[in-house]
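Here the structure comes first, spelled out in structure tokens, and everything after it is commentary.
The values are calculated or read from the model by the stated rules, or taken from the named source; none is laboratory data. Keep in mind it's a predicted model, so treat the numbers as computed, not measured. So basically every Cβ, Gly included, is an ideal-geometry build from the backbone, and we count neighbours across all protein chains shown. Remember, those area values only see protein heavy atoms, side chains included, never the ligands or the DNA or RNA. Shrake-Rupley method; radii C 1.70, N 1.55, O 1.52, S 1.80 Å.
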Amino acid sequence: MQQGEQVQLSSSDSSSENDSSSGKQASSLYENFLTSDKLRTSLKGQTGSALEVRLVQELAKDKNIVVEFDRDLPTPGSSVTLAVADKATDKAKTLIVTPTTADVERLLSECQKLPVEIALLDDEIHTPSGALAISAEATTIVASFDSAKECDLKARSISLVVFYGFSAGARIPGSDDFESFLEKLANQRLCFAAESVPLTLNAAITRHIRTEGFINVNLEKEQEVQLSHEYYEVGHELLAKPEALATLLETEAGIRAIVFCNSPSDTDLLEVMLKKKGLKAKKLIGNVPDRAIHTTMENVREGEISILVLTDVSGRGFPVEEFDIIVHYAAPEDPEIYLHRLGQPDGASRLKRVVSLVGSMDLGNFHFLKKVVEFDFQQRSLPSAEDIAKARFGRFQQDAVAFSTSDEELLEYAKLVEESDDRKAFILYLLNQALRKLPEAESAGGRSKGGRRDRDDRSRGDHRDHRDGRGSRGGDYEDEGRDYSDRGSSRHDKQDRHERPKPKPTRKDIRFYVGHGLANGLSEEKFVALVKETMGDEAPELKRSCLRDKYSFFDFEQAVADEVFDAMQEAQYEGESLVFQKAAILSVPLDEEEDSEGISADGESRFEEEQQDFDDNSEQDDENDSEQDVA
């Protein structure tokens, strides 16, 4: 079975509204797209809806059609009836089938102003007054599902059967009854028109209507922007991710980009790195006033800024649809944050690409994100050295060509360089100054500006980001275990400082992310058995585990982590490849080693207790965020 032609329409289908373009308005006049002379004469000078225009066009192709229209469309039944009535003739009649007789009456009521003739197969149907005429000899027939099943299609010269109104929530027939009727229509041309295809009827529709070459008319998705979701895998070194981001943005000439960071501290490093590469970047953290948003966007539109580095707090209020690309510097913990960052771009939006940079610490969040959201994430490779050189040279060439001067001294220098035998050395020196030294100097100058005021702004911004639950620790400063309420008691503080015990030695454990969870039947016992099956007698001891619905975490000592990682790369769980990646490094006090792997008094591991506390705090932070947003 092959997927058919995808046709998408405008969601604005009110015949009372005029198109902005005179050409479109002329093409949607009934006399310009209808084929029936009678209907063209009756509706002359009136404008048809986009659904009517497209249905008339598609009905002329003699293919099966599946129509899904917007639930807010005012009169879809009238549009469908008019389009099939225009197609119907005495030798090729059309049968419109509705779920029940009540649906027949609703359809007639919706079509009462249409200048068409309708034949009915059901008895005792209330017919509305209006232009609609009821005639036994009409070429367009309307019937309920039960009456249509008993109809002799061949005797009535029916060549097209349209199922209308069989949406989820309607009183639709059972799947077996519906499919048996479709089998009876094996040699008929079929059309299914509804808000959506019900799950119970989907299989039958796929077998009998979505045949090879069928046409899919989808109104609801016309205004949806098809974003490209991409990701780049980067190394675990400190500068690997900012270098990858700078490289990526350098090769994208003339684009506007928003880079979202999970913590304010990341924005500092990114702004420095991007400016060092000669990119026009600006960071913003904390709650940004409307006036500052307006000023910043004016600078973006004028080309003075091309990259904004934001947190989830500072990003509120910025029109993401005016940017070409959104970059997730780190995978967010909550998939809802990923969706929220995208905003609501429409057909006029510049936004077409969404990029995620995935490092070793992002694997857990990113794999969970891919399981939850219904996007097709495409892996991409970072630009090559040749691509980077071409992009830098193109930007440098553009700036050079645009430059002009009447400075006699500079012109004399240029002449001397051209005449010199060492002109290649001069060119290399000047290129180094322009492409290396100058961006570094400008970056350093940008960091020094503002002085104390900039540091104060950063401090306030950091506090806001932490307060709103978007900081690097995901919560308020109180979560850091500090208490600033008794700062006046400095003498006692000093005394306490001397009495504090020395920090206890720790060992390192490696936490691994596994892309299976409770929903897949995974348990700690099954995972331990899988490790032993894969590694044999060399299987190390599992220190602790945390299982969630769709994913899990398992901890091993750092000394054996590499062996476990290498061995589990080829592991299979219930016939599927096991997603097994390093997620984090944990510090565990050595004096807790004996009982940390184990159990608390009530039989529950301390890791589970701590994880539950973290989840509870996260839920409370989400509630606080919601209250602030409402306020």
- Item | Residue list for segment 182-197, restricted to those being surrounded by fewer than 18 Cβ atoms within 10 Å (Cβ to Cβ) and either of a type in the set (Phe, Trp, Tyr) or over 19 Å from Val142 (Cβ atoms) (or both) | Glu183, Ala186, Asn187, Ser196
- Message: Among the residues of segment 288-300, are any in a loop (DSSP other than H, G, I, E, B) and either over 29 Å from Phe375 (Cα atoms) or open to solvent by 20 Å² or more (accessible area, probe 1.4 Å) (or both)?
- Response: yes
- Note on the structure: For segment 29-52, the count of residues that are among the aromatic types (Phe, Trp, Tyr) and surrounded by 21 or more Cβ atoms within 10 Å (Cβ to Cβ) equals 1
- Note on the structure: With the first residue restricted to segment 400-413 and required to be on the phi < 0 side of the Ramachandran plot, and the second required to be of a type outside the set (D, E, K, R) and loosely packed, with under 10 Cβ neighbours inside 10 Å, Cβ contacts under 8 Å at 6 or more apart or on different chains are Leu411/Thr405
- segment 548-567 - residue that is buried (at least 18 other Cβ atoms within 10 Å of the Cβ) and within 17 Å of His367 (Cα to Cα) and, of those, farthest from the chain's Cα centre (by Cα): Phe554
- Task: Starting from segment 94-114, keep only residues that are within 20 Å of Leu59 (Cα to Cα), then list their pairs with residues that are open to solvent by 10 Å² or more (accessible area, probe 1.4 Å) and not aliphatic (A, V, I, L, M) whose Cβ atoms are within a distance under 6 Å, requiring at least 6 positions of separation or different chains.
- Result: Ile96/Tyr164; Thr98/Tyr164; Thr98/Gly165; Cys111/Ser78
- Query: What are the residues in segment 288-330 that are of a type in the set (Gly, Ala, Ser) and closer than 16 Å to Leu270 by Cβ, if any?
  - Reply: Ser306, Ser314, Gly315, Ala330
- Task: Report, by residue number, each residue of segment 252-270 that is open to solvent by 20 Å² or more (accessible area, probe 1.4 Å) and touching a Gly at 6+ places or on another chain (Cβ under 8 Å).
- Result: Ala253
- Query: Looking at this structure, is Ala119 within 18 Å of Arg189 (Cβ to Cβ) and of a type in the set (Gly, Ala, Ser)?
  - Reply: no
- Query: Across segment 359-371, what is the total count of residues that are open to solvent by 60 Å² or more (accessible area, probe 1.4 Å) and within 14 Å of the chain's Cα centre (by Cα)?
  - Reply: 2
- Task: Scan segment 381-413 residue by residue and report those that are loosely packed, with under 11 Cβ neighbours inside 10 Å and of a type in the set (Gly, Ala, Ser).
- Result: Ser381, Ala385, Ala400, Ala402, Ser404, Ser406
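Is it true that some residue in segment 303-321 is among the acidic types (Asp, Glu), outside any loop (DSSP other than H, G, I, E, B) and either modelled with pLDDT under 90 or within 24 Å of the chain's Cα centre (by Cα) (or both)?
yes
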- Among Glu302, Glu271, Glu321, which is among the charged types (D, E, K, R), at negative phi and free of Cβ contacts under 8 Å to residues at least 12 places away in the same chain? Glu302
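Residues that are open to solvent by less than 10 Å² (accessible area, probe 1.4 Å): find the helices (runs of 4 or more DSSP H) completely inside segment 53-153 holding 3 or more of those.
76-87, 101-110
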- Those residues of segment 154-176 that are touching a residue at least 24 places away in the same chain (Cβ under 8 Å) and not in a strand (DSSP E or B) come to a total of 12
- Are any of the residues in segment 573-594 out of contact with any Gly (no Cβ under 7 Å at 6 or more places or on another chain), modelled with pLDDT of 75 or more, surrounded by 15 or more Cβ atoms within 10 Å (Cβ to Cβ) and in a loop (DSSP other than H, G, I, E, B)? yes
